[in-house]
1. Within the stretch 139-167, how many residues turn out to be touching a residue at least 40 places away in the same chain (Cβ under 8 Å) and part of a helix (DSSP H, G or I)?
2. If you go through the stretch 250-272 one residue at a time, do you hit one that is out of contact with any strand residue (DSSP E or B) (no Cβ under 8 Å at 6 or more places or on another chain), of a type in the set (Phe, Trp, Tyr) and modelled with pLDDT under 85?
3. Find all pairs meeting these conditions: Cβ atoms under 7 angstrom apart; at least six residues apart or on different chains; first residue within the stretch 212-227 and among the β-branched types (Val, Ile, Thr); second residue modelled with pLDDT under 90 and open to solvent by 80 Å² or more (accessible area, probe 1.4 Å).
4. Which residues, counting only those in the stretch 226-246, are exposed (fewer than 10 other Cβ atoms within 10 Å of the Cβ) and outside any helix (DSSP H, G or I)?
5. If you go through the stretch 247-257 one residue at a time, how many are over 14 Å from residue 137 (Cβ atoms) and either surrounded by 12 or more Cβ atoms within 10 Å (Cβ to Cβ) or touching a Leu at 6+ places or on another chain (Cβ under 8 Å) (or both)?
6. May I ask you to verify whether residue 221 is exposed (fewer than 13 other Cβ atoms within 10 Å of the Cβ) and either over 26 Å from the mean Cα position of the chain (by Cα) or of a type in the set (Lys, Arg) (or both)?
7. As an exercise: evaluate residue 212 against (1) more than 24 Å from residue 142 (Cα to Cα); (2) out of contact with any Lys or Arg (no Cβ under 9 Å at 6 or more places or on another chain); (3) among the hydrophobic types (A, V, I, L, M, F, W, C) and give the number of the one condition it does not meet.
Amino acid sequence: CNAEGADPPVNDPSTYLALRTDDRGNDLTVIYSYEVEWVESDLPWADRWDVYLIGSPDDDIHSFAIINSLMIVLFLTGAIATIMIRTLRKDIAGYNEMQTLEEAQEETGWKLVHGDVFRAPSTQPMLYSVLVGTGAQIGAAFFSTMMCAMVGLINPMKKGQTLTAIILLYVLCGCVAGYVSARIFKFCDAKAWKQNTFLTAAGLPGVLIAIFTVLNVFLHIAGAATAVHFFTLVAIFGLWIAISTPMVFVGSFFGFRAEKFHVPVKTNQIARYIPELPWYAT
């Protein structure tokens, strides 16, 4: 940097030196330099990202364009959905009126599966309901986190705050997992509701906490700075036992008390035979 009071550097092309090798053919050493000018600002350090997070006044134009695109997508989606619903409603009414096997055999192609797609799965209904309920909990937690970030309740630049919010929202969404898992388990005509509720509450959280604990032990042995304190593990375990598990039981209670799903068409009691395809068609 230039000293205080010194004249600024002059960039004059006439003073440039040609880059050439010396008499011995050695390469010419070039020394690069740069200057830094520090400008004092009244902006606090904590608000340095506001220009990107809040934006500028011109962002309204982009907002209008996004809203316009969303309205067009919603309009086209609604139009297509209306056409599909009218078509499917007519087909479903025709399927429900079929009384004999001969009438059902008149259907060809993809319409033959109308009696199979809504049939409750007979293989591993416990695993199916637990996985769907856990996925619903993760989806609800993700959606809640995005909504909190959009309304400004969560600052994405504060990673610790965001991670804490994600964990708390996932724990509170345990009722969603219990409700969805119970409804699907009841749709499958299964009876072991206690086992279903327990596996939903202990499936994914138990596996994640076990993996996290084992990795944290190895980090402590290696002396890594990223190792989590023991009381932090106790707090996470407490959130799982004291909040997440009761929320799953509450959601499961209301899920099993709700009515069973009613499918719109008559389902086949026996699964349709699927012929084996030749090796070149698989």
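1. 1
2. yes
3. If the second residue must be modelled with pLDDT under 90 and open to solvent by 80 Å² or more (accessible area, probe 1.4 Å), no pairs are left.
4. Hit for the stretch 226-246 is 226, nothing else.
5. Total meeting the criteria: 3.
6. yes
7. (1)
To keep it simple, each residue is scored yes or no on (1) open to solvent by 70 Å² or more (accessible area, probe 1.4 Å); (2) out of contact with any Gly (no Cβ under 7 Å at 6 or more places or on another chain); (3) at pLDDT 85 or above.
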| position | (1), (2), (3) |
| --- | --- |
| 111 | no, yes, no |
| 136 | no, yes, yes |
| 145 | no, yes, yes |
| 148 | no, yes, yes |
| 161 | yes, yes, no |
| 179 | yes, no, yes |
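The values are calculated or read from the model by the stated rules, or taken from the named source; none is laboratory data. Only a predicted model underlies this, so the values are computations on that prediction, with no experimental measurement involved. Please note: Cβ atoms are built from the backbone with ideal geometry, for glycine as well, and neighbour counts cover all protein chains shown. Protein only, heavy atoms only, side chains kept; ligands, DNA and RNA dropped before computing areas. Shrake-Rupley method; radii C 1.70, N 1.55, O 1.52, S 1.80 Å.
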